[in-house]
């Protein structure tokens with residue numbers, strides 16, 4: 001309610017300006033990564049993506065029209081149809097076919113079933129480091145021509161025999177019988193002429209596609225919304241070495257290296273392919289920490305140890321040519337006075353110097369800068385810095401900004417004296433070291449009220465506004481890396497993306513963060529040691545720019561913003577009239593109603609606030625309806641599901657919980673890990689109302705009240721109480737979300753899954769029979785689909801589904817499903833299905 005006493009003319013103008021500034025915010029486009037990725041031949045046919053641009057609107061174009069977007073190609077499947085363009089008033093269909101399997105990228109624009117009209121051949125190297133490039137198809141209806149633009153090249157054809165008016169049906173990906181689809185993504189889609197339809201493709205869930213005005217115009221099946229890749233870290237690969245190893249990322253070649261003294265794994269983040277090479281000679285450096293750096297100027301990988309505890313004058317730095325990865329060459333035997341665990345580093349190719357800062361060794365924290373000259377091959381201490389003091393520390397993060405010719409050092413832990421016996425403190429400060437003047441400036445130090453964390457050694461700093469780094473509580477055996485964005489100006493920060501698990505029992509465990517500008521992606525590598533020798537390397541990626549959990553769900557509120565916009569405009573009009581006519585008006589409260597598409601499919605689950613879903617994708621919504629699934633790491637999901645399962649039987653003891661989740665860990669270490677995980681789980685469940693995590697008489701239990709909804713509990717209650725008849729619609733809605741704990745493949749979930757499926761299968765078979773007898777054939781089909789998710793080779797489900805489809809005159813669909821069943825049967829059983837189709841009728 002806005003109360004007006006008196007407003008002068010100038011005040012009114014200012015007030016209206018503020019209003020329109022607010023409106024500008026409401027309608028301003030987001031700058032997050034967005035787009036739609038298409039699954040192609042790498043997945044089964046029914047999982048491939050299909051996007052009908054104007055499924056909810058008939059459009060008509062005259063004179064001309066074009067279809068344009070930014071296109072990205074993926075290596076999973078490199079051949080297939082990208083787009084089909086039909087005309088509702090004609091049988092003529094055009095398609096764009098892509099083939100990337102040869103020496104060049106080939107795009108063929110075809111008149112379907114007749115001939116290839118345009119062939120665009122693009123050199124493979126031209127698009128090698130281009131993540132997104134322009135694709136445009138221009139139909140000149142007036143001049144009877146078609147043009148195809150790929151990247152910076154335009155190809156065309158005349159005398160195309162085009163109609164004066166076109167009523168296009170535009171489908172990307174799978175379309176009708178066209179099932180060969182490459183792996184690709186699109187963003188910034190636009191189609192039209194003077195009347196242009198624009199599609200930001202910034203949804204994060206669902207099958208409805210909105211235009212830039214928030215109108216639901218299109219529909220997509222099997223989508224992968226790219227904005228999720230800016231929040232969810234994607235696991236890419238893992239490797240193991242039985243001897244001490246090092247890891248690094250080569251931005252020039254898009255390769256991650258994981259090497260020990262004998263061999264090297266090479267993982268290409270663009271092609272997702274891994275290769276392994278054995279060195280011709282053993283690396284002469286006796287690796288203890290596996291520290292290394294890459295000099296792209298001479299294309300060499302350098303492995304080094306700053307200190308050798310065993311043999312004086314032993315090789316401490318060696319390099320290998322990344323072109324052939326064959327022979328290691330000795331660079332130096334020079335060393336420092338002690339080991340420096342978790343030091344920072346940067347390479348300045350212009351001066352051929354590699355400089356390190358900080359670190360821990362011999363019970364001391366270091367505050368020194370040491371520089372290695374690649375020409376003289378000697379270490380020297382740098383002492384001519386002036387300005388503010390950087391206290392001794394390790395576990396700090398370092399980055400270089402070319403614009404200011406400065407390095408920035410953030411955080412870490414240590415103390416003012418540098419002596420470990422004094423005790424350590426955590427630093428949350430930022431120092432800038434100007435390399436031109438050698439002046440050190442302490443930019444800020446922020447108070448820290450959360451759990452103590454340390455950053456990884458790699459800092460991503462792209463401009464003078466902020467930097468990114470990963471932080472984690474290294475004092476726990478099992479914890480999580482989170483991505484932080486800190487302001488360079490004042491240290492204000494926010495947490496981006498979900499978490500990455502890390503096991504940091506040993507001081508040699510480390511992680512690093514890299515940014516690839518060409519691929520527009522962040523890469524995290526996590527190297528975990530069990531005994532300071534054997535290590536595992538895990539690789540993760542996150543699309544740039546990364547987003548917060550709030551950003552992820554922001555598009556869901558797009559139509560709410562539109563509603564607010566209408567309300568605000570209405571208020572402005574009412575206020576203006578009130579001022580002009582000196583009248584007071586009463587304002588009514590207007591409640592925003594979240595837009596729901598009218599074409600909601602039967603069985604579709606509406607995710608409610610204060611809820612937990614175990615069927616399909618594990619999902620948790622807090623008391624306000626926000627998706628907080630990101631708070632549940634794999635370990636938290638495991639603990640939650642275990643305790644929930646055992647709660648049906650009175651709970652689970654701490655010993656039993658530990659035996660299941662940490663079977664191979666020593667008891668003294670298990671207790672710490674268990675308590676940390678329990679605290680994280682309590683914190684996550686604290687975001688919901690009506691759920692309690694209790695410990696009573698030696699048993700952990702989860703107790704749910706009516707206000708907290710859990711689909712597993714509801715399903716369990718319906719089946720156990722034999723109340724399926726009165727709750728059939730809700731049960732189908734629960735089960736059609738997907739298989740129980742669909743994406744959770746860890747062995748710890750298997751007993752829970754088996755128990756649930758053993759309860760479901762006989763109950764569902766009874767309901768299938770009842771529905772068929774009652775002649776509710778669509779229900780029969782829905783229930784058999786659910787049964788197939790439990791047992792893909794269920795004979796009874798096949799018989800009932802086939803007969804139900806025939807009753808609904810869907811004979812072709814029945815044959816298609818039968819064919820899919822027998823194909824799956826032969827794949828699983830190694831023999832043909834014994835019952836022909838005619839026997840099922």
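Per Stokes-Einstein, at 37 °C and 0.692 mPa s, what whole-number D in µm² s⁻¹ belongs to the chain, with the Kirkwood radius over Cα pairs as the hydrodynamic radius? Provide the component values of the computation, followed by the final result.
On the way: Rh = 31.1 Å.
Estimated diffusion coefficient is 105 µm²/s.
Every helix of 4 or more DSSP H residues in the chain counts as -39500 (n - 2.57), and over all residues that averages to -7000 deg cm²/dmol at 222 nm. Relative to the longest principal axis of the Cα atoms of the chain, the long axis of helix 750-773 makes an angle of roughly 10 degrees.
Pulled fully out, how much extra length does the chain show between residue 123 and residue 648, if you take 0.36 nm times their separation in residues and subtract their Cα-Cα distance?
Numbers: separation 525, 0.36 × 525 = 189.00 nm, distance 6.18 nm.
So the chain would gain 182.8 nm between residue 123 and residue 648.
In terms of packing, defined here as the mean over residues of other Cβ atoms within 10 angstrom, the peptides 267-276, 38-47 line up highest first as 38-47, 267-276.
Computed over the Cα atoms of region 234-551, the ratio of the radius of gyration to the Kirkwood radius (Rg/Rh) comes to 0.93. Each Cα pair under 8 Å and six or more residues apart adds its sequence gap; the mean of these over the residue count of the chain is a relative contact order of 8 percent. Using alpha carbons only, how many degrees (0 to 90, rounded to 10) separate the axis of helix 667-685 from the longest principal axis of the chain? Tilt of helix 667-685: around 50 degrees. Three principal axis extents of region 611-839 based on alpha-carbon atoms, in descending order, are 64, 40, 30 Å. Legend: calculated FRET efficiency, residue 271 to residue 43, from the Cβ-Cβ distance at R0 = 22 Å, rounded to 0.05, equals 0.75.
Summarised in one figure, the compactness ratio Rg/Rh of region 323-383, Cα atoms and Kirkwood Rh, is 1.02. Angle of helix 634-647 to the longest C-alpha principal axis of the chain, folded into 0 to 90 degrees and rounded to 10: 60°.
Full extension of the chain between residue 746 and residue 243 gives 178.4 nm of extra length, using 0.36 nm per residue less the Cα-Cα distance.
Most tightly packed first, judged by the mean number of other beta-carbon atoms within 10 Å of their residues, the peptides 171-179, 803-811, 828-836 read 171-179, 803-811, 828-836. The alpha carbon centroids of region 478-536 and region 377-437 are separated by 20 Å.
Rule-based calculations on the coordinates, nothing more; no lab input. Quick caveat: nothing in here was measured; it's all calculated off a predicted structure. Please note: Cβ atoms are built from the backbone with ideal geometry, for glycine as well, and neighbour counts cover all protein chains shown.
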